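Student: One structure is given below, represented as structure tokens, and several questions about it will come after.
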Amino acid sequence: MEQIEALVIGAGPAGLMAASRLAEAGVKVVIVDAKPSVGRKFLMAGKSGLNLTKDEPIDELLNVYGEAREWLAPMLRAFGPIAVRAWAEGLGQETFTGSSGRVFPKVMKTSPLLRNWMGVLATKDVEVRTRWRWTGWDGDALKFDTPDGQKVIEANATVLALGGASWARLGSDGAWAEWLGEETAPFKPANMGFLREWSDFMKPHFGAPVKPVRLTVGEHSVKGEFVITARGIEGGAVYAISSELRDGGELLIDLMPDMGLKSVIAKLNRPRGKNSLSNHLRKTLGLKGVKAALLREAGPLPDTFTGLAKRIKALPLELNGPTPMDEAISTAGGVTQTALNDSLMLKSRSGVFCAGEMLDWEAPTGGYLITACLATGLHAGNSAVEYLKDQ
């Protein structure tokens with residue numbers, strides 16, 4: 001059995017941040033990851049531009065974490081948007097804020113930041129072992145399947161940063177939940193699309209963006225856009241209300257979010273002449289293409305302009321549930337707050353800390369996911385340092 005000072009399992013943002021803090025404190029750290037290389041999901045996040053955080057006041061940022069707000073608040077206040085930007089720039093990656101407040105590295109990609117980060121860890125003698133898959137406990141020790149057979153490690157402190165249960169091919173398969181048992185809540189998809197069997201006249205609109213719109217589920221409303229797919233709907237606005245939809249809420253779509261109901265009624269009541277209803281909608285409201293198709297997709301049209309206006313402003317769209325969990329950007333569920341103390345240490349296992357997406361919290365896309373992974377990773381790393389000092 002190998003004995004080491006600090007072990008970090010999982011080489012995503014949370015695990016690397018925990019390892020960084022431990023190494024800065026002079027602790028000898030070993031990072032293990034099941035995949036052949038580190039940060040695979042982190043790299044995927046940068047495929048369309050690495051959204052590191054959101055440039056907004058911390059109290060506004062905290063609100064997006066819903067039920068986990070109070071739990072995560074101390075960690076996010078300690079390492080929020082300002083700190084994330086300073087950290088990235090400390091790794092040689094200049095950042096900028098987009099028009100929506102989202103913060104990106106100027107190069108947009110993950111790879112330069114990750115490469116520099118791993119370079120810093122290498123200077124601190126942090127050891128990285130890939131293709132090491134955690135397979136559970138052997139008493140207080142941890143078992144691994146490795147290219148050289150089964151290995152067992154006993155660590156003075158361990159940080160688990162194993163990710164959620166989506167994108168299994170990138171390393172986040174949720175298999176670790178088997179070894180934490182009752183300390184976890186069931187996984188649920190988050191930031192995912194939803195399924196619908198479209199009628200034939202929607203086929204020409206597959207791949208079409210629907211914008212601008214306002215999507216409402218219960219008391220949660222968001223303005224943005226989404227995309228019609230062959231299987232249903234997906235996109236930023238859908239992800240933002242995905243948790244409410246997943247949990248059974250009804251989707252209402254405002255096709256004219258920049259115009260009040262009275263204005264829509266007034267425009268529809270303009271003389272129609274010999275125009276078909278489609279032409280009347282196009283000429284009075286600019287309603288055409290995929291929006292007009294969605295209006296008809298929702299069922300028979302009301303026979304009055306007032307009723308039609310109400311439909312345009314609150315179009316109900318029935319869905320057939322979320323897309324498969326492995327296709328979700330992130331997941332809810334995982335290690336519960338009640339299983340951990342304030343230092344993110346498992347109450348059932350002294351010296352074992354948890355961080356990142358494997359914790360039971362969720363947030364929409366827009367930089368919130370990476371920010372919370374970094375913040376919880378730093379907190380777990382700090383806690384592990386303090387724990388080792390006390391031993």
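Student: Provide Rg over Rh for the range 237-371; use the alpha carbon set for both Rg and the Kirkwood Rh (inverse mean inverse pair distance).
Tutor: 1.22
Student: With a 10 Å radius around each residue's Cβ, average the other Cβ atoms per peptide and rank 71-81, 272-282, highest first.
Tutor: Those peptides, ordered most packed to least, come out 71-81, 272-282.
Student: Here's another thing I want to ask about it. Could you check the spin-label model distance between Lys389 and Lys47? Points 7 Å from the Cα along Cα→Cβ, value in nm.
Tutor: Computed distance between label sites Lys389 and Lys47 equals 4.3 nm.
Student: As a test of the formula, what do you get for the chain when each DSSP H run with n ≥ 4 contributes -39,500 (n - 2.57) and the sum is divided by the residue count, at 222 nm and rounded to the nearest 500 deg cm²/dmol? Don't skip to the end; give the middle numbers.
Tutor: Numbers: 13 runs with 125 residues, N = 391.
Only helices count here, giving -9500 deg cm²/dmol.
Student: Ok, one more. Rounded to the nearest 5, what % of the DSSP beta bridges within the chain are antiparallel ones?
Tutor: Close to 70 percent.
Student: For the range 202-316, what are Rg and Dmax over the alpha carbons, in angstrom?
Tutor: 14.2, 46
Student: Then there is this: With charges only on Cβ, +1 for K and R and -1 for D and E, what is the dipole size of the range 194-316 about its Cα centre, in debye, rounded to 20?
Tutor: Charge dipole, the range 194-316, about its Cα centre: 820 debye, nearest 20.
Student: Relative to the longest principal Cα axis of the chain, at what angle does helix 368-390 sit, 0 to 90 degrees, rounded to 10?
Tutor: That works out to roughly 20 degrees.
Student: Now for a separate question. List Cys354, Cys373 from most exposed to least, where exposure is judged by having the fewest other Cβ atoms within 10 Å. Mind dumping the intermediate values first?
Tutor: Working: Cys354 30, Cys373 26.
Lowest to highest Cβ neighbour count: Cys373, Cys354.
Student: Say we join alpha carbon atoms closer than 10 Å with springs in a Gaussian network model of the chain; which of Ala45, Ala363, Ala11 then has the biggest fluctuation?
Tutor: Looking only at Ala45, Ala363, Ala11, the biggest GNM fluctuation is shown by Ala45.
Student: Also: Compute a Gaussian network model of the chain, connecting alpha carbons closer than 10 Å, and tell me which residue from Leu359, Leu308, Leu50 fluctuates the most.
Tutor: Checking each option, the largest mean-square fluctuation is seen for Leu308.
Student: Next question. Provide Asp148, Asp33 in ascending order of the number of other Cβ atoms located within 10 Å of each residue's Cβ, fewest first.
Tutor: Numbers: Asp148 9, Asp33 26.
Ranking Asp148, Asp33 by Cβ neighbours within 10 Å, fewest first, gives Asp148, Asp33.
Student: When the chain is fully extended, how far beyond the present Cα-Cα distance does Arg349 get from Asp145, taking 0.36 nm per residue of separation?
Tutor: Length gained between Arg349 and Asp145: 71.3 nm.
Student: Taking percent of Cα pairs over 40 Å apart as the quantity of interest, determine which of (i) 16; (ii) 25; (iii) 47 was computed from the displayed structure.
Tutor: Working out percent of Cα pairs over 40 Å apart from the coordinates points to (ii).
Student: Looking at Val29, Ala332, Gly181, which one has the Cα that reaches farthest to the positive end of the dipole of the chain (charges on Cβ: Lys, Arg +1; Asp, Glu -1)?
Tutor: Looking along the dipole axis, the top candidate is Ala332.
Student: Compute the helix-to-body angle for 81-90: its Cα long axis versus the longest principal axis of the chain, expressed 0 to 90° and rounded to tens.
Tutor: 60 degrees
Student: Further question: Quick one: helix 111-123 against the long Cα principal axis of the chain, what's the angle to the nearest 10°, folded into 0 to 90?
Tutor: 10 degrees
Student: Moving to a separate point now. Order by neighbour count: Phe42, Phe201, Phe305, Phe206, fewest other Cβ atoms within 10 Å first, most last.
Tutor: Phe201, Phe206, Phe305, Phe42
Student: Rounded if a/c is under 1.5, else prolate if a/b is larger than b/c, else oblate: which is the range 132-274, with a ≥ b ≥ c the root eigenvalues of its Cα gyration tensor? Mind dumping the intermediate values first?
Tutor: On the way: a/c = 4.40, a/b = 2.96, b/c = 1.48.
Cα axes put the range 132-274 in the prolate bin.
Student: Same structure again: Hey, got the dipole for the chain? About the Cα centre, +1 on K and R Cβ, -1 on D and E Cβ, debye to the nearest 20? Walk me through the numbers on the way to the answer.
Tutor: Working: 45 positive and 44 negative charges, 512 e Å.
Value, rounded to 20: 2460 debye.
Read the figures in this text as sums done on the coordinates, not as results from a lab. In this text the structure is predicted, and so the values were computed from the model without any measurement. Backbone-built Cβ (ideal geometry, glycine too); neighbour counts: all protein chains shown.
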